[in-house]
1. So how many residues does the stretch A:322-335 have that are closer than 26 Å to B:K9 by Cα and either within 11 Å of another protein chain (Cβ to nearest Cβ) or among the charged types (D, E, K, R) (or both)?
2. Any idea how many residues of the stretch A:47-97 are over 28 Å from A:W126 (Cβ atoms), more than 14 Å from every other protein chain (Cβ to nearest Cβ) and open to solvent by less than 40 Å² (accessible area, probe 1.4 Å)?
3. Can you find, within the stretch A:98-107, the residue that is surrounded by the fewest Cβ atoms within 10 Å (Cβ to Cβ) among those that are part of a helix (DSSP H, G or I) and either within 14 Å of chain B (Cβ to nearest Cβ) or among the hydrophobic types (A, V, I, L, M, F, W, C) (or both)?
4. If we only count helices (runs of 4 or more DSSP H) wholly inside the stretch A:247-366, which ones have 3 or more residues that are buried (at least 18 other Cβ atoms within 10 Å of the Cβ)?
5. Do we have any residue at all in the stretch B:29-45 that's of a type outside the set (S, T, Y), within 30 Å of A:P71 (Cα to Cα) and not in a loop (DSSP other than H, G, I, E, B)?
6. Evaluate the following for A:G307: is it closer than 20 Å to A:V113 by Cα, among the small types (G, A, S) and in contact (Cβ under 8 Å) with a residue 12 or more places away in the chain?
7. Mind listing just one residue for me: the one in the stretch B:94-112 that is of a type in the set (A, V, I, L, M, F, W, C) and surrounded by 13 or more Cβ atoms within 10 Å (Cβ to Cβ) and, of those, nearest to the chain's Cα centre (by Cα)?
8. Select from the stretch B:116-128 the residues that are open to solvent by 40 Å² or more (accessible area, probe 1.4 Å) and within 10 Å of the chain's Cα centre (by Cα) and write down the one among them that is nearest to B:T82 (Cα to Cα).
Amino acid sequence: MEQSFLDYYSLEPVTRWIHDTLCGVMPEGWAVFLEGLVLGVVILLAYAVLAVVLIYMERRVCGAFQCRIGPNRVGGKGGLLQVPADVLKILTKEIIRLKNSDHLLYELAPYLVILASVISFSCLPWHKGAGVLDMEVGILFVLAASSIGILGILLAGWSSNSKYTIIGAVRSGAMLVSYELSLGITVLTVVILSGTMSISGIVESQADGWNIFKGHIITLVAFVIYLISGNAEANRGPFDLAEAEQELTAGYHTEYSGMHFGFFYLAEYLNLFITSGIAATLFLGGWMPLHVAGLDGFNAVMDYIPGIVWFLGKTFFVVFLLMWIRWTYPRLRIDQVLNLEWKYLMPLSLLLMLIMVVLKVYGLVF
Amino acid sequence: MNSFTKYVKRYWRSTKSLVGGLRISIKVFFRKKVTEQYPENRHTTLYVPERHRAMLEMPHDAENRHHCIACGLCQMACPNGTIRVVSEMREDAEGKKKRVLVRYEYDLGACMFCQLCVNACPHGAIRFTNEFENAVFEREKLHLVLNHEGSTLAPPAAKKENPVNA
């Protein structure tokens, strides 16, 4: 295994050097504070930029799936400025305060949703040594943090004081809580395979082969289940129950306008990205390059590609898979959604976890 | 068959059908897009389907002859009263009285492009063309006369089969 290039690209020495230099000129507390500040700004910037990229990608991919072109006028040939223009427009919109809503909760809800998605966003392993939030129970932390979003959605529906929003929120809540189960179980399957819960540890454990190849067919099926429940977690079609124009108008965010609505919208797309990023981490090896056993020259070439390219490439591949799913299937009814989860996905994922435990105990995995 | 086998079978069947759906949609993804970038491609790649109905026309041949026998079936078929066939009785060389078309009036503004007139025509004298850029500033400009100035009836030998009924 050629590890030297992976070390060559590692950002850890750089970050340590920056930390040491800062500590040389100021107390450590200030240095940590300053680093945290800079990182926070970088994360929020990356968040916004990725949202723009994802919305553009969604519109083009959706267009292609419907045999049309998609936005291609604003900003030259490719329509690249379409989404920035939309962003500017939404920033100028008035934020309406409803008279009979619960003001505090009404205004808190979008921030909870965006908070949950920013926290889980910071856990992604961008590069070797560049995981922002990296702890021993990293993957558990991601699951916990992303669950705050459900709270935001329920609050949004409740505090708007409208029939549509409360029904939409309860639907979303029921769906998100249900799909959290099979999501968690498939994640556990991978944790069992890797033997660690830390995100960087999971990535490191895939240096000799991505999990999707390592766990025989088990991880492949788990990957599919993860994608389905991840799609549901991101509240996207075919699980976009909350947004039923006929019955519920726009679901839990019906009463929101301007940037408050924008936060929900942003969070939806970033949740898509986070779901894909975690899928890439768990099953496709995060920033690990593709290695084929025996082809040393090929492996060496793959090592030259920096980790962030691998990570973004894999993540956007999974994003494309999710969009493919979204624009293929018709949306499900609420009872069908719950049926699918409780009667089909959860038993299967439990079975997969069981088989994975047996395989791991008897050392039958690669 | 016990319920567990049923469950597994249904699982398998629905998985297969879902994969089939994905296969179809990825085919569409790579298919040529149907969007027309209209004002830009007006003179280059504009594609209007052949059967698109945009404007009624009475084809005339090189000798300024049409196929309309002024029977008035199209006028009767038209639900909107869009067509008015003005005809007169004339005696031909053998002294037989014959109905001859004078003016074939057509109001494009009232037409709903249902093609009933073309279907009704026994001689294939009228047809719809693809010419769709018909916007004008005055309503009167939409009152059209379809037969050309001084046109005559084509001899029956040159009669064409109505392409719609064929």
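The values are calculated or read from the model by the stated rules, or taken from the named source; none is laboratory data. Just so you know, these numbers come straight off a predicted model, no measurement behind them. Please note: Cβ atoms are built from the backbone with ideal geometry, for glycine as well, and neighbour counts cover all protein chains shown. These accessible areas exclude ligands, DNA and RNA; they are computed on the full protein's heavy atoms, side chains included. Shrake-Rupley method; radii C 1.70, N 1.55, O 1.52, S 1.80 Å.
1. The number of residues fulfilling the criteria is 9.
2. Residues that pass the stated criteria total 0.
3. Taking the stretch A:98-107 first, the residues part of a helix (DSSP H, G or I) are A:103-107.
With either within 14 Å of chain B (Cβ to nearest Cβ) or among the hydrophobic types (A, V, I, L, M, F, W, C) (or both) added as a condition, the list becomes A:104-105.
Details: A:L104: 10, A:L105: 16.
Here the answer is A:L104.
4. On the way: elements: A:258-283, A:296-304, A:307-326, A:334-339, A:346-361.
Output list reads A:258-283, A:307-326, A:346-361.
5. So in the stretch B:29-45, the residues of a type outside the set (S, T, Y) come out as B:29-34, B:36-37, B:39-43.
With the extra rule that they be within 30 Å of A:P71 (Cα to Cα), the set shrinks to B:29-34, B:36-37, B:39-43.
Still in the list and also not in a loop (DSSP other than H, G, I, E, B): B:29-30.
Yes, the stretch B:29-45 contains at least one residue that is of a type outside the set (S, T, Y), within 30 Å of A:P71 (Cα to Cα) and not in a loop (DSSP other than H, G, I, E, B).
6. When the stated conditions are applied, A:G307 does not pass them.
7. Only one residue tops the list, namely B:C111.
8. Restricting attention to the stretch B:116-128, the residues satisfying the condition of being open to solvent by 40 Å² or more (accessible area, probe 1.4 Å) are B:116, B:119, B:122-123, B:127.
Of the ones still in play, those that are also within 10 Å of the chain's Cα centre (by Cα) are B:116, B:119, B:127.
Values: B:L116: 11, B:N119: 15, B:R127: 15 Å.
Among those residues, the one meeting the criterion is B:L116.
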